[in-house]
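The values are calculated or read from the model by the stated rules, or taken from the named source; none is laboratory data. Keep in mind that this is a model prediction, so the values were computed, not measured. No Cβ is skipped: glycine too gets one built from the backbone with ideal geometry, and neighbour counts run over all protein chains shown. Ligands, DNA and RNA are stripped out before the accessible areas are found, and what is left, the full protein with its side chains, is counted by its heavy atoms. Shrake-Rupley method; radii C 1.70, N 1.55, O 1.52, S 1.80 Å.
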Amino acid sequence: MERTLSIIKPDAVERNFVGKIIGKFEENGLRPVAIRMVHLSQSDAEGFYAVHKERPFFGSLVSFMTRSPVVVMVLEGEDAVKRNREVMGATNPEEAADGTIRKEFAKNIEENSVHGSDSLENAAIEIAYFFSATEVYNR
Ligand code: IDP
Ligand code: MG
């Protein structure tokens, strides 16, 4: 069993897709074991996306991620990091496979509806960024 961090981004929360997106995870063997809605501050978003701070889209990404609330979640399942990335689809929705969340819901390469950790190591770091140990359901 693995755990990974998922974020339902502002574009999807604004359009009322929270339930549909969580349903996709559940249908694909990913179980939410912690969930919270939060309106990220600028420093929250800058810290979370610090690896991208030299990228040309960093300022725009931070402003997008802070414009309205997001849903942060810990997803648990077999091979959860990779499975979540598969269910999400490619970063650019124009390149995302049929049936993926980004194909179905994303607006464009920036407003692409979901975040997912890209490795087990980053998953642990990102989960700890948002949740304390006692906030995660241990079955
Ligand atoms: P990922 O979310 O698929 O892992 P990353 O390359 O880690 O993609 O980029 C983080 C986020 O930054 C993306 O999900 C998207 O919101 C935004 N982003 C990535 N590339 C671009 C771009 O070329 N233009 C605008 N925003 C981008
Ligand atoms: Mg990434």
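Give, rounded to the nearest 20 debye, the magnitude of the charge dipole that the chain has about its Cα centre when Lys and Arg contribute +1 at Cβ and Asp and Glu contribute -1 at Cβ. Let's see the in-between values first.
Numbers: 17 positive and 22 negative charges, 57 e Å.
Result for the chain is approximately 280 debye, rounded to the nearest 20.
Any chance you could list the semi-axes, whole Å, largest first, of the equivalent ellipsoid that the Cα gyration tensor gives for the stretch 64-139, using √(5λ)?
On the way: eigenvalues 108, 50, 21 Å².
One finds semi-axes of 23, 16, 10 Å for the stretch 64-139.
Over the chain, give the accessible area per residue in Å² for a 1.4 Å probe, as an integer. Could you put the intermediate results ahead of the total?
On the way: 7250 Å² over 139 residues.
For the chain, the solvent-accessible area averages 52 Å² per residue.
With +1 assigned to the C-beta of every Lys and Arg and -1 to the C-beta of every Asp and Glu, and no other charges, what is the dipole magnitude of the stretch 1-67 about the Cα centre in debye, to the nearest 20?
Working: 10 positive and 8 negative charges, 19 e Å.
Its charge dipole is roughly 100 debye.
Starting from the Cα of Ala128, move 7 Å in the Cα-to-Cβ direction to define the label point; list residues of the stretch 40-65 whose amide nitrogen is under 15 Å from there.
The answer is 48, whose backbone nitrogens lie closer than 15 Å to the label point.
Given just the C-alpha atoms of the chain, how large is their convex hull per residue in cubic angstrom?
Working: hull volume 14.0 nm³, N = 139.
In the chain, the Cα hull volume divided by residue count equals 101 Å³.
What percent does the relative contact order of the chain come to when contacts are Cα pairs within less than 8 Å and at least six residues apart?
Values: 247 pairs, mean separation 52.8, N = 139.
Value for the chain: 38 percent.
Keeping the other protein chains in place, figure out the carbon and sulfur percent of the accessible area of the chain, with a 1.4 Å probe. Spell out each step's value before the answer.
Working: 3580 of 7250 Å².
After summing per-atom areas, the C and S share lands at 49 percent.
Report the label-to-label distance for Val38 and Leu120 in nanometres (one decimal), using points 7 Å from each Cα along the Cα→Cβ vector.
For Val38 paired with Leu120, the spin-label model returns 2.5 nm.
With only Lys, Arg, Asp and Glu charged, each at its Cβ (+1 for the first two, -1 for the last two), find how big the charge dipole of the stretch 68-112 is about the Cα centre; round to the nearest 20 debye.
On the way: 6 positive and 10 negative charges, 13 e Å.
The calculated dipole for the stretch 68-112 is roughly 60 debye.
Residues in the stretch 1-44, backbone N under 15 Å from the label point at Ser63 (7 Å along the Cα-to-beta-carbon vector): list them, ranges by number please.
42
Place +1 on the Cβ of every Lys and Arg and -1 on the Cβ of every Asp and Glu in the chain, take the dipole about the Cα centre, and give the residue among Leu5, His52, Val81 whose Cα lies farthest towards its positive end.
Towards the positive end, the residue furthest out is Leu5.
Taking the alpha-carbon distance from Lys9 and a cut-off under 12 Å, which aspartates and glutamates remain once sequence neighbours fewer than 8 residues away in the same chain are dropped?
Glu110, Glu111
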